[in-house]
Amino acid sequence: ISPAAPTISSNQAVSPLSASSLSPVASSFTSAASTTNAPAPPLPLPSSPASSPLATPTQTFTYTYRINPPYVPFIAGVKVSASTLSDRDARSSARALSVLYDDQPILDSKSRSAGYFSFNPKKGTVEWVQYDFPQPATATAIEVYWLDDSALNGPYKVPVRWRLLYRDTRGNYLPVKNTSPYTTALDRFNRLTFEPVTTTSLRLEVEQAPGYTVGLYEWRVETDHEKLRRQAWEKEADKAARQLKVESSFKVANALLWTVSVENLTDRPLEIADLGLPLPFNTQYGWDKDETYNLRVIRHFLVAGHGSFVFCQRTNAEPPYLLMIPTGQASFEYFDDGGGRGILCPYLHASWAFEQVKKEGGRWRFQTTSVKLSPHGQSGDRLSYTFKFMWAEGGYQSVRDLLYEEGKFDIQVVPGMVVPENLEALVAIRTKHQDIRLEAEYPSETTIEEVKPVKNFGQV
C-alpha cells in the first residue's frame, strides 16, 4: 500500500501527491473525487522554524483516497527508440526512456516536476520517438503531455507541428487517418483519435521550433490490449475500494503533521504486508545552472526504525533544509526507489517487499514486519501513522539540533559511515535517551570502547 505522499521541491511548499506502489495487496491512491493521479491542493508549511511559536491558528486538512490495485499498462514489453539515440544508446537508456509511460503525476508543462524525454541537443529539426510492440496491437487513440518552459526562458517548446505514423506490413511508416486535430495545449494531455490501425510500431514525429527542443512528459497509447487490462483493473479497483479506506490528514501549527490512516472496511481480518510512502523529490537536474542549483533538491535519509529521518536541501546548499521524521508508533524499517526516478519509498511495514529482494540474494539488517487489521467495527480495525515536517533554518547543524530535540539521534562518524577493515573510526552520539548501547554487526571482528570526548567533535 502506498499512501499519497508530499512532493518535495526546493520552494517552501509541500503538496500531497498520489504515487504508484509495488505492493502486492494494493497500489496507488487517487482522490475520492477523481480518477486520475492529479496533485491535491497545495499545502504550505509554516514559514518560520519549528522551534519558534507561531501566531497563526492550527489548520487541519483531510483527504480521502481510494485504494487501487497495481495497474499494468499496455506498454508491457514495449521498446522505445528515438532519432537522436543509437540502438545501443536506446538499450542502455531503457529505464530513462520509460518516463514516457511511467504514469507519474505531472504538475504542469513548465516546471519539469516529473521525468521527461527530449530530443536535446537537437534544435529546430524534425525528430521522432517510437514504440515497438512485442506483438501486433490495434490502436485508436494516443495522449501526449508536452514539456514547454519557453515562457521561463527555458530550452523546451511545443512542436511547430507533429504527426503520428504507424508501421504497415511492408515495414513502411504511414500517417494515421486522424479523426481529431493535432493539438499542443499546455498543462494537460493532448488527445488524438484516429481510425483503427493494427501495427507493431507507432512513431511520433515532431518539427521542432527554431532554437528550441521538444520535450514530452508522457505518451499514452490506447490499444485493444490496454482496454481489456483497464476494464479488469477498474473491476479490481472497485473491489479494493470496498475493502480498505485510506485517509491523509494534514495539521499545520508550528510544524506540518502528516497522518496516514488505514481502516479495514470488511468483516474479516486483513493483513497489510507492505505499507510504503513514495516521496517524490524534484531531482530532475538540467543544464541550466540557475534552475538546477535553485529549483532542485538533494535528499538525505536514514532508515533506522524510530531513529529514521529524511531531509532535503537545495543543490546550492543554501538553507533552510526540510526535515521529516516519523513520530509515535511510526518507524521506517526498509526502503527502495518506489519504481521511479527521484522517488524515495521508506516502508512502515515491508515483509513482502523484502521477501522479493531476499529471493534474489539481497540482505537487510532490520527485521521487516506486517500488520493485521481487525474486522470493521472491532478494536484494532484502524491504524494511524504520523510524520512531522520542520524547517532547519541553519542548515546541517539545525538538522542535528532538531533530531536531538525531537528525541532522535544526532550521530557523527569519522572518517565516514563506511569504514574499511583494520581502520579506527570515531563515533559521537547525541541523544536524550539514557539507556543506549552500540552493538557490532560482526562482534568477533570489531572492538568498541568508550573514549574521552574529543574537542569540537560531536559537541554543540
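Here, each number is a calculation from the coordinates, and none is a lab measurement. This one's a predicted model, so the numbers in the text were calculated from it and none came from an experiment. In this analysis, Cβ positions are derived from the backbone assuming ideal geometry, glycine residues included, and neighbour counts consider all displayed protein chains.
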Chymotrypsin sites (Phe, Trp or Tyr not before Pro) within the stretch 269-335, DSSP loop, no more than 11 other Cβ atoms inside 10 Å: TRP287
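Of LYS245/LYS372; LYS79/LYS289; LYS245/LYS388; LYS79/LYS227; LYS251/LYS408, which ones are farther than 24 Å apart at the Cα?
LYS79/LYS289
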About the Cα centre of the stretch 387-460, how large is the charge dipole given +1 on each Lys and Arg Cβ and -1 on each Asp and Glu Cβ? Please answer in debye to the nearest 20. 340
Suppose the chain between ARG229 and ASP267 were pulled fully straight at 0.36 nm per residue; how much longer would it get relative to their current alpha carbon spacing? 10.8 nm
So, by mean Cβ neighbours within 10 angstrom, what's the order for 129-138, 418-427 with the highest one leading? 129-138, 418-427
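For ALA96 and ALA317, calculate 0.36 nm times their separation in residues minus their Cα-Cα distance, and state this gained length in nm to one decimal.
Working: separation 221, 0.36 × 221 = 79.56 nm, distance 2.66 nm.
So the chain would gain 76.9 nm between ALA96 and ALA317.
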For the stretch 77-146 and the stretch 156-197, what is the centre-to-centre distance using only Cα atoms, to the nearest Å? 14
Of VAL158, GLY115, TYR131, whose Cα points farthest to the positive end of the dipole of the stretch 78-169 (charges on the beta-carbon: +1 Lys, Arg; -1 Asp, Glu; origin at the Cα centre)? VAL158
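Would you mind counting up the charge near ARG229? Only other residues with Cβ under 12 Å from its Cβ, with Lys and Arg at +1 and Asp and Glu at -1. Walk me through the numbers on the way to the answer.
Numbers: positive: LYS227, ARG230, LYS235; negative: GLU222, ASP224, GLU226, GLU234, GLU236.
Every neighbour counted, the sum reads -2.
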Please give the charge dipole size of the stretch 250-304, origin at the Cα centre, charges +1 on K and R Cβ atoms and -1 on D and E Cβ atoms. Round to the nearest 20 debye. 200
